[in-house]
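A short write-up of the structure that comes next.
The values are calculated or read from the model by the stated rules, or taken from the named source; none is laboratory data. Everything quoted here is computed from the prediction, not taken from an experiment. A quick note on method: Cβ atoms are made from the backbone with ideal geometry, for glycine too, and the neighbour counts reach across all protein chains shown.
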Amino acid sequence: MDRPVSRLCCIGCGRDYPLEEIRYECDACANLLEVVHDLELLKTVRDGPGWRHLFDERLGVRSGIHRSGVWRYHELVLPDLPAAGVVSKPEGNTTLYRAARLEEESGTAEVHIKHEGENPTLSFKDRGMSAGVSFARHLGVGMVACASTGDTSAAMAAYAAQVDGMRGVVVLPKGQISMEQLAQPIASGCLTVALPADFDTCIRLLREVCRRRPLYLLNSVNPVRIEGQKSIAYEIVQQLGWDPPDWIVVPVGNAGNISAIGKGLFDLRALGLIDRVPHLLGAQPEVAAPLARAHREGYKERVRVKAADTVATAIRIGDPVSYDKAVGTVRRSGGAFIAASEQEIMDAKALVDATGVYVCPNSATAVAGFLKARQQGTIGASDKVVIVATAHGCKFSQATIDYHEGRLPGVRPRRANRVIELRVDGAALERLLASDDGSRKDKP
Ligand code: F0G
C-alpha cells in the first residue's frame, strides 16, 4: 500500500497525528491516543471471508513473521511496518484449554481458558511488546522504558535485549513484585530501578521524566503496544473457528489489555471477520477495584482508589492509565466490571491449578470474577465463555505455596495440598500411601 494505512487519533476529541510521531497524549485535550487503521482501505484489499482464509492459511507456516501469533495478523496490527522491521521471538499461539472443571463447578455450557502464560516471558505482555519494541527500532529509538508491576518489565527487557544498541530501563515498586518477575529484567540486562512507592506513583514519575528526556515509553499508554496486544482476541476467535464466544473475561490492572481486546474485536467486526462482539467482563481484586466500583455507580465519575495489598500484585493499581479506553470499550460491548476477594481469587486459582493448567493470582482474579458473574446471573448457563489467563503460575511460586501451607493472611485454604514431611523411612512412606485416598477434598 503506497499511503499510510494507520494514524494516531485522540480518543477524546478525535484529533489526528501521524503514526510515527512519538506522543502518548493529545495536545489539544490530553486524552490518550489510539492507532486507527483505514478500515475502508483494508476492506478493499479483502472481504471478511478472504481475511479469515488468509489467517487460516498462515497457521501452518514454520518460518518468518507469520508464525507469530501477533504477526500472523500483520495487516491488522501495524500494516505500515515492513516485515523486516519486526522483532519477534515468536510470541502468541497460546493454548485455548477447555475448562471442564469450571463448566461443572459453575453450571456453564462452555468455558475455555486462553493461557497467555505460555508466551516466551510467561505473560501476555510479549504480544504488545513485540509490537512496541519493533516500532521503537523502526523509529531508531535508543532507550526504551516502562514502569511495571512485573510482567511488562520482564517482556520489555527480553525484547529490548534482542535489538543491538537498544537500552531498556524499568521502574518497579520495591518489594511489590514477585521474585521471579524481578529476576527477569535483571537477567536480560536492563537498567533496573526500584522505588519505595506503589505502581501508580512509579508510572506517574516515569511519564514526567519521559516528557523531559528522549525515552520511548513502552507502558500501555503507548498506543502501538495496544495493537500487538489485541491479537489475543484474534487468536481466541480463530481458535474457535471464527465463532466468537458470548463473554471474554479479563483481569484488569492498568486496563490496557481489556481495551486492546475490545478494539481488536470491534475491528474484526468492522472488517466482516466476525458478526458479533462478545461482552467483556473485567475483573479486579476488591482492594484495587476502581473500575468495578465505577461500574456499580453507573460510571457517573472517574474513580481512583489507593490500592492495598493483594495476592494479585500485578493488578494492584488504583488509578488505571487506560481507564477511559476501558470504560468505553466495555460499555460498548455490553459488558461489566466485577471485583473478587482474596479468598475467592486463591480458591479459584487452586481449582484451575489442580486441573494441570497452572495460572497466576492475577489470572485467577478473572476466574473468580467469572464464577461470581455466573452466580449473579450476569453470565448465563448456556453461554460460551473464554477466560484470559494473563501470566503463568511459575511467576508466582510464593503465593501458591503460601496458600497451600495456610500462610496467606485472611485466606483459608479450602483446596490446600500441603507438603508432607517424612523421616527417611520406607515403611512410613508405605503407610502414607496406604492411607491416601487418591483425591484432595475441598473443605467447606
Ligand atoms: N495480568 C497480569 C499477569 C499482569 O501483569 C497485568 C498487568 C494484568 C493482568 C492487567 O493488565 O494492566 O493491561 O489491565 N501488568 C502490568 C505490568 C501493569 O506492569 O506488568 P492491564
Residue check for GLY228: touching a Ser or Thr at 6+ places or on another chain (Cβ under 7 Å), closer than 23 Å to VAL169 by Cβ and more than 10 Å from the ligand (Cβ to nearest atom): yes
- prompt: Can you pull out the residues in the range 120-158 that are among the basic types (Lys, Arg) and either within 9 Å of the ligand (Cβ to nearest atom) or free of Cβ contacts under 8 Å to residues at least 12 places away in the same chain (or both)?
  reply: LYS125
query: Looking at the range 398-406, is at least one residue within 16 Å of the ligand (Cβ to nearest atom), aromatic (Phe, Trp, Tyr) and within 25 Å of VAL249 (Cβ to Cβ)?
result: no
- prompt: Can ALA373 be described as more than 14 Å from the ligand (Cβ to nearest atom), surrounded by fewer than 17 Cβ atoms within 10 Å (Cβ to Cβ) and part of a helix (DSSP H, G or I)?
  reply: no
Selected residue [polar (S, T, N, Q) and buried (at least 24 other Cβ atoms within 10 Å of the Cβ)] from SER63, SER123: SER123
query: Among the residues of the range 231-242, which ones are in contact (Cβ under 8 Å) with a residue 12 or more places away in the chain and more than 11 Å from the ligand (Cβ to nearest atom)?
result: SER231, ALA233, TYR234, GLU235, ILE236, VAL237, GLN238, GLN239, LEU240, TRP242
task: Could you tell me whether the range 342-351 includes any residue that is surrounded by fewer than 24 Cβ atoms within 10 Å (Cβ to Cβ), over 17 Å from the mean Cα position of the chain (by Cα) and under 21 Å from ALA109 (Cα atoms)?
output: yes
message: Could you check the range 250-272 and list, in sequence order, the residues that are closer than 20 Å to HIS115 by Cβ and more than 12 Å from the ligand (Cβ to nearest atom)?
response: GLY264, LEU265
query: Among the residues of the range 75-91, is any assigned to a strand (DSSP E or B), within 19 Å of the chain's Cα centre (by Cα) and modelled with pLDDT of 95 or more?
result: no
query: What number of residues within the range 307-363 satisfy the criterion of being within 13 Å of the ligand (Cβ to nearest atom), of a type in the set (Lys, Arg) and in contact (Cβ under 8 Å) with a residue 60 or more places away in the chain?
result: 2
statement: When the range 106-119 is checked residue by residue, the ones that are within 12 Å of the ligand (Cβ to nearest atom) and either part of a helix (DSSP H, G or I) or at pLDDT below 95 (or both) are GLU116, GLY117
Residue list for the range 42-74, restricted to those being under 30 Å from VAL321 (Cβ atoms) and outside any loop (DSSP other than H, G, I, E, B): LEU42, ILE65, TRP71, ARG72, TYR73, HIS74
statement: Among ALA366, ALA381, the single one that is outside any loop (DSSP other than H, G, I, E, B) and either aliphatic (A, V, I, L, M) or under 10 Å from PRO251 (Cα atoms) (or both) is ALA366
task: Could you tell me whether the range 273-293 includes any residue that is surrounded by fewer than 24 Cβ atoms within 10 Å (Cβ to Cβ), within 19 Å of GLU34 (Cβ to Cβ), hydrophobic (A, V, I, L, M, F, W, C) and within 15 Å of the ligand (Cβ to nearest atom)?
output: no
